[in-house]
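In what follows, a single structure is set out as structure tokens and then discussed.
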Amino acid sequence: MRLDRGEKRDLNDALPNALCAMQTLSLDPKYMKTHYTIPFFIHHEGCTHRCVFCDQRNITGRSTVAPEDISHTIDQYLKTMSDHASVEAAFFGGSFTGLSRKRQAELLGPVKEYIDSGKIKGIRLSTRPDLVDPGGARFLKKNGVTCVELGVQSMSEEVLRLSGRGHIAEDTVKASGAVLGEGLSLGHQIMLGLPGSSFEKEMYTARMAVRLGASQVRIYPTVVIEGTVLAEMWKRGEYVPLSEEEALSRSADILSYFNSEGIKVLRCGLHPSEELSSGGKLLAGPFHPAFRLKAESIIFGRMLRSILDEGPDAVSKVSYNPDDECALRGYGAMNSSVITELRRLKPDGFLSPSSNVTRGRLTVERNV
Ligand code: SF4
């Protein structure tokens, strides 16, 4: 299970683009965050295996959670949030359902009090697919959990084996059913570029996420972190990470697929935590602080070029969601030439924002 520190994507991913950073800092209410995640990191607790790619201590760089600190942490976060914000707590960085029931209750109990008083709307947590069964899911629901994210990583048996996951694809099938059976939201975390993987296997994993009922996903391109088994494989030449170009291309395809299926992509790319951004412990692999923006820029570039290819007379109007302005223009203005060409061929207003358009998509009005 990989870490995440909540949905701060709009700020983090927009920073490299000056225009978009200005928008993010605007006081206009439409740019204000309304959803917050208060994260707690449990650092490998509950993990029954040390997966080849994972060194959670290096990735998160923090110590584990003491139950007596939870209320204080939540109070500190709540002070900074508007009363109208939708707030959830989250336990990431380990295998939550691998903890004893006593420890699970110790961690969930203090948060549940905030749920009962209406200050927090729920709890999300991440865990291994082979550690979730119907009884365990029932226990989570009773204790305030609303969403379970499964560290699926891959639905290929070979990839799971080579990655030292210690579970099989069928575990994901059963765990997904158990989570949904209790009426909890289901998330799948999937990885690209794992040992033995391929784009076909990754698309299959993405399709299975949809088929198994996941409503939200996280996509993590594999990177090589010092101290992991993968680092040793990389040093011996037994593992070659994806190039950034390949990782972005695969991510763009998979993001497009999830967008078309109406699945919420909570994250694409590893979080630019201080540990990784400092460059000290990342040895190799496709890490970029604006990874998602780059992948979305590719998607919008492809869509705009296909409109251009249809010819200037075929399309009368193209609309995009205003929150996609950065991706439409593209990271480093990479889509500016196609946008300029479209605007040269078409009248003012041909390409314009509309809040009616779903994020990640373009609405195209064609001439008949
Ligand atoms: S199950 Fe594997 S990937 Fe998940 S936190 Fe534990 S070691 Fe890391």
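Is at least one residue of the range 191-202 without any contact (Cβ under 8 Å) to a residue 12 or more places away in the chain and among the basic types (K, R)? Break it down into steps so the answer makes sense when it comes.
Taking the range 191-202 first, the residues without any contact (Cβ under 8 Å) to a residue 12 or more places away in the chain are 198, 200.
Now drop any that are not among the basic types (K, R), which leaves none.
Looking for residues that are without any contact (Cβ under 8 Å) to a residue 12 or more places away in the chain and among the basic types (K, R), one finds none in the range 191-202, hence no.
Can you spot a residue in the range 160-182 that is on the phi > 0 side of the Ramachandran plot, away from the ligand (no atom under 16 Å from the Cβ) and within 22 Å of the chain's Cα centre (by Cα)?
Of the range 160-182, the ones on the phi > 0 side of the Ramachandran plot are 164, 166.
Within this subset, residues satisfying the condition of being away from the ligand (no atom under 16 Å from the Cβ) are none.
No, the range 160-182 has no match at all.
Under 25 Å from D55 (Cα atoms), at pLDDT below 95 and not aliphatic (A, V, I, L, M), is that true of T222? Explain how you work it out, then say what you get.
On the way: under 25 Å from D55 (Cα atoms): yes; at pLDDT below 95: no; not aliphatic (A, V, I, L, M): yes.
Here the answer is no, as T222 does not meet what is asked.
Considering the range 60-103 alone, what residues qualify as being assigned to a helix (DSSP H, G or I) and either within 16 Å of the ligand (Cβ to nearest atom) or in contact with a strand residue (DSSP E or B) (Cβ under 8 Å, 6 or more places away or on another chain) (or both)?
Once the filter is applied, which keeps residues that are assigned to a helix (DSSP H, G or I) and either within 16 Å of the ligand (Cβ to nearest atom) or in contact with a strand residue (DSSP E or B) (Cβ under 8 Å, 6 or more places away or on another chain) (or both), the range 60-103 yields T60, I70, T73, I74, Y77, L78, F96, T97, G98, R103.
Given the condition more than 21 Å from I263 (Cβ to Cβ), assigned by TED's automatic domain parsing to the domain that holds E88, crowded, with 17+ Cβ neighbours inside 10 Å and not small (G, A, S), answer yes or no: does some residue in the range 198-214 qualify? Lay out the reasoning, then the answer.
Taking the range 198-214 first, the residues more than 21 Å from I263 (Cβ to Cβ) are 198.
Right, trim to assigned by TED's automatic domain parsing to the domain that holds E88 and you get 198.
Remaining after also requiring crowded, with 17+ Cβ neighbours inside 10 Å: none.
Scanning the range 198-214, I find no residue that is more than 21 Å from I263 (Cβ to Cβ), assigned by TED's automatic domain parsing to the domain that holds E88, crowded, with 17+ Cβ neighbours inside 10 Å and not small (G, A, S), so the answer is no.
Considering the range 334-352 alone, what residues qualify as being of a type outside the set (K, R) and touching a residue at least 24 places away in the same chain (Cβ under 8 Å)? Reasoning before the result, please.
Residues of the range 334-352 of a type outside the set (K, R): 334-342, 345, 347-352.
Result: M334, N335, V338, I339, E341, L342, L345, G349, F350, L351, S352.
Assess whether G94 counts as being more than 22 Å from the chain's Cα centre (by Cα) and not aliphatic (A, V, I, L, M).
On the way: more than 22 Å from the chain's Cα centre (by Cα): no; not aliphatic (A, V, I, L, M): yes.
The answer is no for G94.
Just the residues that are in contact with a strand residue (DSSP E or B) (Cβ under 8 Å, 6 or more places away or on another chain) and part of a loop (DSSP other than H, G, I, E, B), please, taken from the range 109-139.
Answer for the range 109-139, where residues must be in contact with a strand residue (DSSP E or B) (Cβ under 8 Å, 6 or more places away or on another chain) and part of a loop (DSSP other than H, G, I, E, B): K119, I120, K121, R128, V132.
Quick check, is I123 of a type in the set (A, V, I, L, M, F, W, C) and surrounded by fewer than 23 Cβ atoms within 10 Å (Cβ to Cβ)?
When the stated conditions are applied, I123 does not pass them.
Being surrounded by 13 or more Cβ atoms within 10 Å (Cβ to Cβ), charged (D, E, K, R) and over 26 Å from L266 (Cβ atoms), is that true of even one residue in the range 301-309?
So far as the range 301-309 goes, yes, one or more of its residues are surrounded by 13 or more Cβ atoms within 10 Å (Cβ to Cβ), charged (D, E, K, R) and over 26 Å from L266 (Cβ atoms).
Given S215, S198, S185, which one is closer than 18 Å to G136 by Cα and polar (S, T, N, Q)?
Exactly one of S215, S198, S185 is closer than 18 Å to G136 by Cα and polar (S, T, N, Q), namely S185.
Just to check your reading of the model, which residue among G227, G183 is at pLDDT below 95 and in the same structural domain as E244 (by TED's automatic domain parsing)?
Working: G183 fails: at pLDDT below 95.
Criteria check complete, one pass: G227.
The values are calculated or read from the model by the stated rules, or taken from the named source; none is laboratory data. Just so you know, these numbers come straight off a predicted model, no measurement behind them. Cβ: placed from backbone, ideal geometry, glycine included. Neighbour counts: every protein chain shown.
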